[in-house]
Amino acid sequence: MSAQPSASAPLVLLIDDIEDNREVYAQFLRHEGLRVAVAADGVEGLTMAARLAPSVIVLDLGLPLVDGWEVARRLKESDLTRNIPVIALTGHVTKEARERAFTAGVDDFIAKPCLPADLVAAIRRRMK
């Protein structure tokens, strides 16, 4: 078993409504030395982003309650979260979905399925 990430490790907020996705990506990110917080819907994700001020947010677009496009828009409008990089990690891979995501404020766009190593690489590129 790998050691837990240190308390000073960067924090990634993973917002995804599919429990298996949250578990697989969170486990891999922790293995890579990152701390991880998870949210299961857009409302919880927005609350946690404002409270935790993570280094990076990984955001599914197909979320219940508040969809990921709206979450991204609200994150970028808020003084508390506007400077946090947002990576869309989604099965919505049409050109329109991608354009809508960037218009909403995401900083990067990754299509599912995504290898965990590719996600880690994208996160590391976006960290301050």
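Each reported figure results from applying straightforward, stated rules to the coordinates on display, with no laboratory input. None of these values were measured; they are calculated from a predicted model. Using ideal geometry, Cβ is built from the backbone for each residue, glycine included, and neighbour counts are taken over all protein chains shown.
With a simple spin-label model that places each label point 7 Å from the Cα along the Cα-to-Cβ direction, the separation between LYS95 and ALA7 comes to 5.1 nm. Go ahead and collect, in residue order, the members of the stretch 100-128 whose backbone nitrogen is under 13 Å from a label point 7 Å along the Cα-Cβ direction of ILE18. In the stretch 100-128, the label zone of ILE18 (backbone N under 13 Å from the point 7 Å along Cα→Cβ) covers 111-116.
Which value results when the Cα radius of gyration for the chain is divided by 2.2 N^0.38 Å? Write down the numbers at each step before the final one.
On the way: Rg = 13.3 Å, N = 128, 2.2 N^0.38 = 13.9 Å.
Here the answer is 0.96, to two decimals.
Neighbour counts of C-beta atoms inside 10 Å place SER8, SER55 in the sequence SER8, SER55, starting with the fewest. Measuring between their Cα centroids, the stretch 1-70 and the stretch 78-123 lie 13 Å from each other.
ASN83 to VAL43: FRET efficiency via 1/(1 + (r/R0)^6), r the Cβ-Cβ distance, R0 22 Å, to the nearest 0.05? If you can, show how the numbers build up before the last one.
Working: r = 21 Å, r/R0 = 0.98.
E(calc), rounded to 0.05, equals 0.55.
Ranked by how many other Cβ atoms sit within 10 Å of their own Cβ, fewest first, the residues PHE109, PHE28 fall in the order PHE28, PHE109. Dipole size of the stretch 40-123 about its Cα centre, with +1 on Lys/Arg Cβ and -1 on Asp/Glu Cβ: approximately 100 debye, rounded to the nearest 20.
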